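A short write-up of the structure that comes next.
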Amino acid sequence: MAVGGLSDQPDAMPTELPPQVRHLLASQAHVIARSQAIDLGLDVETIRNHARYGDWQQLAIGVYADFTGAPTQGAEVWAALLRAGPGAVLSHWTAAERHGLVDRPSAAVHLTVPAERHPARWAAIPGIVIHRSRSLDQAIHPAMSPPCTRVEHTVLDLIEASATFEEAYDWICRAVGRRRTTPVRLRVAMATRPRMRWRQDLKLAFGDAKGALSVLERRYVHGVERAHGLPTARRQARVWQGTGNRYLDNLYAEYRACVEIDGAAAHPAGEQWRDKDRDRWNAVHEGIDTIRVGMPGLRTAQDQCATAADVALWLSSRGPATGHPCTRDGCQVPVRDCGSNA
């Protein structure tokens, strides 16, 4: 009598797989967990026979592929997920690849599991990095397969893992600039996380905090220009640009130069092109060159000093310009005399 698809012989050739097993394999890059196979009606001996006769190969403990040869990237991802167990989802750099935020695959598969899970027994598996989350239910994408964090939560995870705010800011720029999400959605996702690094700065970077642009403009005027004795710009200077008036944030008319403050980490593509068109019009028709300063250049006193050094050098290359170090230790803005071009 056959049991579990096998004859009474202990080393019987494995029989054809049931349709439900074949369907699951097809949906998981031809990878299956032993627990899944058992739930679908295969017994342990049948699974062993498929591996023994070379129909299946073991990719990880308790995880098999129904093909021979090197596994595809998709098979490796599914093997990592199934090895990690219930509730695991792709996250961080692996999720970023899935969402089109990066152009190269990560060297490791990054997974997040619920906080109550204890990954110690497989945390050391080569090629798999395990993260834990207390709010994973809110972060999971409702439809993606293999399971993956939503793009907004992927960005927030990568921000949390960033070594510097500049690195974190770059993830926002990628996500919004590539039209994978919006600043509003990022802000809503961040509201679900009671603990978040750089929360206030991120609100400014998203451009959704009340007065975000005015906060950055104030930092430029007081932390960059006045603190370092730079020439004083005309604020919101009106110029005519073909189709109507335009207002320049900080116009240094004597130097034919303008510093524009970008309030959000990234603009939609249409706004980016309008900014570029305005800069080109300024350069071609008004002879005004433009540089743009965003959140990374204004966030801290050290950032403001670095921005001041760049602006001082830029202005002095266009005419006599003043400048001096501020009171912060280590400020590198050189002393510039208004009678010199050096």
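The values are calculated or read from the model by the stated rules, or taken from the named source; none is laboratory data. Computed from a predicted structure; not experimentally measured. Note that we place each Cβ from the backbone using ideal geometry, even for glycine, and neighbour counts take in every protein chain shown. The area values use the complete protein model at the heavy-atom level, side chains included, leaving out ligands, DNA and RNA. Shrake-Rupley method; radii C 1.70, N 1.55, O 1.52, S 1.80 Å.
Give the residues of the range 148-184 that are of a type in the set (Lys, Arg) and either open to solvent by less than 10 Å² (accessible area, probe 1.4 Å) or over 8 Å from the mean Cα position of the chain (by Cα) (or both), sorted by residue number.
Matches in the range 148-184: Arg150, Arg178, Arg179, Arg180.
Mind checking which residues of the range 311-327 are buried (at least 16 other Cβ atoms within 10 Å of the Cβ) and under 20 Å from His222 (Cβ atoms)?
Result: Val311, Ala312, Trp314, Leu315, Ala321, Thr322, Gly323, His324, Pro325, Cys326.
Helices (runs of 4 or more DSSP H) wholly in the range 141-198 with at least 3 residues that are at pLDDT below 95, in contact with a Phe, Trp or Tyr (Cβ under 8 Å, 6 or more places away or on another chain) and farther than 26 Å from Ala80 by Cα - which ones?
Of the helices (runs of 4 or more DSSP H) lying wholly inside the range 141-198, those with at least 3 residues that are at pLDDT below 95, in contact with a Phe, Trp or Tyr (Cβ under 8 Å, 6 or more places away or on another chain) and farther than 26 Å from Ala80 by Cα span 165-177, 183-190.
In the range 82-96, which residue that is touching a residue at least 60 places away in the same chain (Cβ under 8 Å) and buried (at least 23 other Cβ atoms within 10 Å of the Cβ) is farthest from Arg132 (Cα to Cα)?
Out of the qualifying residues, it is Ala96.
I need every pair where a residue in the range 116-140 that is within 16 Å of Ala161 (Cα to Cα) has its Cβ under 6 Å from the Cβ of a residue that is modelled with pLDDT under 75 and surrounded by 14 or more Cβ atoms within 10 Å (Cβ to Cβ), sequence separation at least 6 or different chains.
Short answer, once both residue conditions are applied: Ile130/Pro119.
Report yes if His267 is modelled with pLDDT of 80 or more, out of contact with any Lys or Arg (no Cβ under 7 Å at 6 or more places or on another chain) and not charged (D, E, K, R), otherwise no.
no
Give me a count of the residues in the range 190-202 that are touching a residue at least 40 places away in the same chain (Cβ under 8 Å) and either open to solvent by less than 20 Å² (accessible area, probe 1.4 Å) or among the acidic types (Asp, Glu) (or both).
Residues flagged as touching a residue at least 40 places away in the same chain (Cβ under 8 Å) and either open to solvent by less than 20 Å² (accessible area, probe 1.4 Å) or among the acidic types (Asp, Glu) (or both) within the range 190-202 amount to 2.
Please go through the range 275-326 and pick out each residue that is assigned to a helix (DSSP H, G or I), over 25 Å from the mean Cα position of the chain (by Cα) and modelled with pLDDT under 90.
Asp277, Arg278, Asp279, Arg280, Trp281, Asn282, Ala283, Val284, His285, Glu286
So which residues in the range 130-147 are aliphatic (A, V, I, L, M), farther than 21 Å from Ala107 by Cβ and open to solvent by less than 70 Å² (accessible area, probe 1.4 Å)?
Residues satisfying the conditions are Leu136, Ala139, Ile140, Met144.
With the structure loaded, tell me whether Pro334 is at pLDDT below 90 and in contact with a Gly (Cβ under 7 Å, 6 or more places away or on another chain) or whether it fails that test.
yes
Suppose we keep only residues that are open to solvent by 60 Å² or more (accessible area, probe 1.4 Å) and touching a strand residue (DSSP E or B) at 6+ places or on another chain (Cβ under 7 Å) within the range 53-69. Which one would you say is farthest from Leu81 (Cα to Cα)?
Among those that are open to solvent by 60 Å² or more (accessible area, probe 1.4 Å) and touching a strand residue (DSSP E or B) at 6+ places or on another chain (Cβ under 7 Å), it is Thr68.
Quick check, is Ala79 open to solvent by less than 30 Å² (accessible area, probe 1.4 Å) and either at pLDDT 95 or above or in contact with a helix residue (DSSP H, G or I) (Cβ under 8 Å, 6 or more places away or on another chain) (or both)?
no
Mind checking which residues of the range 29-52 are under 18 Å from Thr72 (Cα atoms) and either part of a helix (DSSP H, G or I) or open to solvent by less than 10 Å² (accessible area, probe 1.4 Å) (or both)?
Selection gives Val31, Ile32, Ala33.
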